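Written below as structure tokens is the structure these notes are about.
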Amino acid sequence: MRLGKMQGMLESLLKRHGKVTQRTLARPSWSDIENAGFDVMATNVYRALGGTLDIPPSRLGSWDIEFDGIALELDEHLHFNRYRASTLASPIYDRLQGFPRQTYIEYCSLYEEQCLRVGSYGGKWTNPSCENQFGIASESGNLNGAGAPRWKQRAFYDFVKDLSPLVLGIRTARISIWDRLPD
């Protein structure tokens, strides 16, 4: 099932129980990260991914869903790979109470092949903007060497959004396509 369809279904379910809005909740800017004192940590994460810009980018897209003032992100296949696992190693996650860090690390290991299957081509692998930030890509599907600049960018942007509770005081939740609901 495509992400847009999954997101639409989730929005329909949530609308029955609260208010769903769009583009009302802020996303962290670089100045927000600096003001909160997390700029060095964020820069270290960016550099560990191979980031090359002097100041890491923080031009984030809107939240997938906003529900009753909570920013929800629906994470599909492309969010689970070695690059995202490296961001999850940051000590900042020790301060993000309730974040499913260990589960997400496991998903990155278990489902990287799925990520590779759906994201090893075209704009899902690289684009000029990503290469400007993370260098020239390896051949599509080859994670050795330079790997996938777009995957690195996505991992970094996920990391920046994860800072939102600490930087902006916004409640956030991530829902993975791999999550299982209790019976």
Problem - Residue-wise HN-Hα coupling along the stretch 165-180, computed from phi with Karplus coefficients 6.51, -1.76, 1.60 (Hz; x: Gly, Pro) - result: x, 7, 8, 10, x, 8, 6, 10, 8, 10, 10, 9, 5, 8, 5, 10
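Student exercise: in the chain, how many lysine pairs 8 or more apart or on different chains have Cα atoms under 19 Å apart? Could the numbers behind the result be given before it?
On the way: K5/K15; K5/K124; K124/K152; K152/K161.
So the count works out to 4.
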Problem - Cβ crowding within 10 Å averaged over residues, with 42-51, 55-64, 154-163 ranked highest first - result: 154-163, 42-51, 55-64
Completion exercise
Descending accessible area (1.4 Å probe), largest on the left, turns H17, H77 into H17, H77
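Counting only heavy atoms of protein chains, what accessible area per residue, in Å², does the stretch 72-125 have with a probe of 1.4 Å? Intermediate results must be reported in sequence, preceding the final value.
Numbers: 2580 Å² over 54 residues.
Solvent-accessible surface per residue comes out at 48 Å².
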Completion exercise
As a percent rounded to 5, the proportion of antiparallel DSSP bridges among beta bridges in the stretch 57-176 is 35
Problem - Computed lengthening from R59 to N127, 0.36 nm per intervening residue step minus Cα-Cα distance - result: 22.9 nm
Exercise for the section: Keeping all protein chains in position, work out how much accessible area D39 exposes to a 1.4 Å probe, and write it in Å² to the nearest 10. Expected result: 50
Problem - Relative intensity, log₁₀ I(q)/I(0), of the chain from a Debye sum that treats every alpha carbon as a point, q = 0.09, 0.14 Å⁻¹ - result: -0.31, -0.79
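The values are calculated or read from the model by the stated rules, or taken from the named source; none is laboratory data. Predicted model, so just to flag it, every value in this text is computed and none were measured. Note that each Cβ is placed from the backbone with ideal geometry, even for glycine, and that neighbours are counted across all protein chains shown. When the accessible area is computed, the model is the full protein with side chains, heavy atoms only, and any ligands, DNA or RNA have been set aside. Shrake-Rupley method; radii C 1.70, N 1.55, O 1.52, S 1.80 Å.
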